[in-house]
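S.K.: Right, I'll just put the structure down here and ask away after.
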Amino acid sequence: MLFKLTRRKALAITSAAALSVSAGGALAQSAADRAVEAAKQYSGITLNVFYEAGLQPLDPKNFTGPLWEELTGIKINVIESPNDEMFTKTMQAHLGGSGAYDVLNVLPSQMPDLALAGALEPLDAFVDKFDYRDELNSIAPVYRDNQMKVEDTIYGLPDDGDVFVLYYRRDIFEDPETMAEFKAKHGYDLAAPTTWKEFGEIGQFITDKHAPEIYGAGMFRQPGAAKYLFEERFRVEGGRFFDPETMRATVNSEAGLRTMQGMVAENAWMPPGVEQWGFGEVFSAFLAGDIAMAVSWPPVGRWAAGYGKGTEALNWIPETTVADTIAYALPPGGKPELAAGFSLSVASGSKHKEAAFLFAMWMNSEEISLQRVQLPYALRDPFRPSHFASEEYRSKWPSAGEYLDILEAGAQTGMLDLSLIQIDRYNEALRQGLSRLWAGDDPQAVLDEVAANWDALTDRIGVEKQRRVYADWASKPNAYPE
């Protein structure tokens, strides 16, 4: 029922182009309506849209796909793939000339690799032809400026506001007895930690007071997710990934050692077995009230508050016990990782490039994207100022306004995922290093091996070639803390 009501609202919005009035008094079409009108000439074709498997495709399957066909006559066929196979399948389709995909979901960290390989269609001409530049520029700057271009050419429409958020239990942090005891011990007020030192002290204190019923925190330690936490904290600690002149890896610096030593030390006061925890374990423990703090992606903030409860697609989510106590903050250091996220791109091998762009433009537009980020079963997170300010969204649950305020703050200070040619090979070396760290290997030895593997990759790819991509990434706002 929720999907039908939302879709009806979107249809009404999309059909109301004449309600927008320009400064000169003329009726002005919205970007969504311009896309619809231009796309009608392609009625009868089918667009293949490549999406990460799981909840992500429920948007084009149940909402935008059926609505787009109703408005334009263009069918949407959703092709799903596990996240870790999307890059390879995109490249295979490009190199094989299969034309298998029209609209692509692209991780921003992989965009340079795909763009330089010729797999992505440059979009500037389409953006200008359909007068979309102003609306594209109204996306929150960290997504707009850093997740759509490679060397000043637009290759994607930023479409997902992924950013890490610190979730914590207000009832524990604001308990008078706990507050008094904590201040007596540490000399400062108990509140959401602003440094990793505070995080460790607060987490240890809560564990000492409440374990085994409640532990101070539970964090990602499975390497695939933990590598995002490492990237964030490493830079907060002052680390840089490479020497920009030599392109030798500097991940094994003092900042890297402090980061890994801190993560290992925290495991000691977290729940037993935390070294194996991924998204599901952290999420479930927080909803069950077993941990007082967690750092995770935006959907946790919605679902833990009870948003979407009763939606069939979310029947796998355990009952939340923290809906009335959840609070939101930026992670320690105030520079959260923009972990993953997606942009909408057009495959260079598409036989329907203009129609593919128009569908992406329509989904990305102010009106339609606001409806999409509110779908309880989808994973697209707010990425426009209008999303953060939406009174409709801010009324969804009692603390929704606080939630959106934190997401907006994260969009201002968040840091980009490292982006290189063959980035997943670099990520794999880091993931392997984290596995060895949790197994008890010496942190400095782990970091030295990661750095050696990175240097070997850079030499194999070509130092000059990789320096070009790294320099472009490092020059962007939010690559490193100011």
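S.K.: Quick one: which residues, 5+ away or cross-chain, put their amide H under 5 Å from the amide H of residue 222? H built at 1.01 Å from N.
M.R.: 277, 278
S.K.: For helix 196-210, what angle does its Cα long axis make with the longest principal axis of the chain, in degrees from 0 to 90 and rounded to 10?
M.R.: Tilt relative to the chain: about 70 degrees.
S.K.: Could you check the simple spin-label distance between residue 245 and residue 442, using points 7 Å along Cα→Cβ, in nm with one decimal?
M.R.: 3.0 nm
S.K.: Over the chain, calculate the relative contact order: mean separation of alpha carbon pairs under 8 Å at least 6 apart, over the residue count, as a percent.
M.R.: Value for the chain: 24 percent.
S.K.: Oh, and also: For segment 377-482, how big is Rg over Rh, using alpha carbon atoms and the Kirkwood form of Rh? Write down the numbers at each step before the final one.
M.R.: Values: Rg = 19.3 Å, Rh = 17.0 Å.
Across segment 377-482, the Cα-based Rg/Rh ratio is 1.13.
S.K.: Can you give the three extents of the C-alpha atoms in segment 99-196 along their principal axes, from longest to shortest, in whole Å?
M.R.: 63, 27, 24
S.K.: At what distance in nm do the modelled label points of residue 394 and residue 129 sit from each other, each positioned 7 Å from its Cα along Cα→Cβ?
M.R.: The modelled label-to-label distance comes out at 3.9 nm.
S.K.: Over segment 223-357, what relative contact order in percent results from Cα pairs under 8 Å that are six or more residues apart?
M.R.: Values: 96 pairs, mean separation 28.0, N = 135.
Here the relative contact order equals 21 percent.
S.K.: Now, a different point. Could you please state how large a percent of the accessible area of segment 119-251 is carbon and sulfur, counting protein chains only and using a 1.4 Å probe? Display every interim value, and only then the final one.
M.R.: Values: 2500 of 5080 Å².
Roughly 49 percent of what the probe reaches on segment 119-251 is carbon or sulfur.
S.K.: Something else about it: How far apart, in nm, are two points set 7 Å out from the Cα along the Cα-to-Cβ line at residue 284 and at residue 468?
M.R.: The two pseudo-label positions are separated by 4.7 nm.
S.K.: Next up: Which lysines does residue 396 reach when only Cα atoms under 24 Å apart count, and residues fewer than 8 places away in its own chain are ignored?
M.R.: Cα-Cα hits under 24 Å: 4, 9, 61, 309.
S.K.: Nearest 0.05, what FRET efficiency do residue 92 and residue 254 give at R0 = 30 Å with Cβ-Cβ as r? Please report the intermediate quantities before stating the final value.
M.R.: Working: r = 41 Å, r/R0 = 1.37.
That pair, residue 92 with residue 254, gives E of 0.15.
S.K.: Per residue, what volume in Å³ does the convex hull of the Cα atoms of the chain enclose? Walk me through the intermediate numbers first.
M.R.: Values: hull volume 70.3 nm³, N = 482.
In the chain, the Cα hull volume divided by residue count equals 146 Å³.
S.K.: Still on this structure: Got a sec to turn the phi values of segment 363-370 into Karplus ³J(HN,Hα) couplings, 6.51 cos²θ - 1.76 cosθ + 1.60 with θ = phi - 60°, whole Hz, x for Gly and Pro?
M.R.: Karplus-based 3J(HN,Hα) across segment 363-370 equals 4, 7, 5, 3, 5, 6, 5, 5 Hz.
S.K.: A follow-up question, please. For segment 160-213, what mean projected area does the convex hull of the alpha carbons give, in nm²? All intermediate terms of the calculation are to be shown ahead of the outcome.
M.R.: On the way: hull surface 18.6 nm².
For segment 160-213, the mean projected area of the Cα convex hull comes to 4.6 nm².
S.K.: On the protein heavy atoms, probe 1.4 angstrom, tell me the percent of accessible surface of segment 363-405 carried by carbon and sulfur. Before the final figure, lay out each step's value.
M.R.: Working: 670 of 1160 Å².
About 57 percent, which is the carbon plus sulfur part of the accessible surface.
S.K.: Now for a separate question. Work out, step by step, the length gained on full extension between residue 316 and residue 84: first 0.36 nm times the residue separation, then minus their alpha carbon distance; give nm to one decimal.
M.R.: Working: separation 232, 0.36 × 232 = 83.52 nm, distance 2.26 nm.
Length gained, residue 316 through residue 84: 81.3 nm.
S.K.: Related question: Using a 10 Å cut-off on Cβ atoms, rank the peptides 473-479, 337-343 from the highest mean neighbour count down. The partial results should precede the final answer.
M.R.: Values: 473-479: 16.3, 337-343: 24.0.
Order by mean packing, descending: 337-343, 473-479.
S.K.: Reachable lysines from residue 129, Cα under 27 Å, same-chain residues fewer than 8 places away excluded?
M.R.: Straight-line reach from residue 129, under 27 Å: 40, 75, 149, 351, 353, 476.
S.K.: Among 251-264, 388-401, what's the highest-first ranking by average C-beta atoms within 10 angstrom per residue? Write down the numbers at each step before the final one.
M.R.: On the way: 251-264: 19.3, 388-401: 15.8.
Answer by packing, highest mean first, reads 251-264, 388-401.
S.K.: Along each principal axis of its Cα atoms, how long is segment 28-93 end to end? Whole angstroms, biggest number first, please.
M.R.: Computed over the Cα atoms, the extents are 42, 23, 22 Å.
S.K.: Considering the options 322, 119, 71, tell which one lies farthest towards the positive end of the dipole of the chain, charges being +1 on Lys and Arg and -1 on Asp and Glu at the Cβ, about the Cα centre.
M.R.: Most positive-ward Cα: 71.
S.K.: Follow-up question, since we're still on this one. Helix 463-474 sits at what angle to the longest principal axis of the chain, using alpha carbons and giving 0 to 90 degrees rounded to 10?
M.R.: On a 0 to 90 degree scale, this one is about 90.
S.K.: Now, a different point. Can you compute log10 of I(q)/I(0) for segment 31-157 with the Debye formula, treating each Cα as one identical point scatterer, at q = 0.14, 0.15, 0.18 Å⁻¹?
M.R.: Log10 of I(q)/I(0), two decimals: -0.70, -0.81, -1.20.
S.K.: Which whole-percent values make up P(r) of segment 138-182 when all C-alpha to C-alpha distances are grouped in 5 Å steps starting at zero?
M.R.: Per 5 Å bin, starting at 0, the Cα pair percentages come out as 5, 17, 17, 11, 7, 7, 7, 8, 10, 6, 4, 1.
S.K.: Then there's this: According to the Kirkwood expression over distinct Cα-Cα pairs, how big is the hydrodynamic radius of segment 213-294, in Å? Don't jump to the answer; show the numbers that get you there.
M.R.: Details: mean 1/r = 0.0731 Å⁻¹.
Evaluated over segment 213-294, this radius sits at 13.7 Å.
S.K.: If one takes the longest principal axis of the Cα atoms in the chain, at what angle in degrees, from 0 to 90 and to the nearest 10, does the Cα axis of helix 400-413 lie?
M.R.: Relative to the chain, helix 400-413 is tipped by roughly 90 degrees.
S.K.: For residue 456 and residue 264, what does the FRET efficiency come to when R0 = 30 Å and r is the distance between their Cβ atoms, rounded to the nearest 0.05?
M.R.: Details: r = 26 Å, r/R0 = 0.86.
The formula returns an efficiency of 0.70 here.
The values are calculated or read from the model by the stated rules, or taken from the named source; none is laboratory data. Everything numeric in this text was worked out from a predicted model, so none of it was measured. In this analysis, Cβ positions are derived from the backbone assuming ideal geometry, glycine residues included, and neighbour counts consider all displayed protein chains. SASA here: full protein model, heavy atoms, side chains in, ligands and nucleic acids out. Shrake-Rupley method; radii C 1.70, N 1.55, O 1.52, S 1.80 Å.
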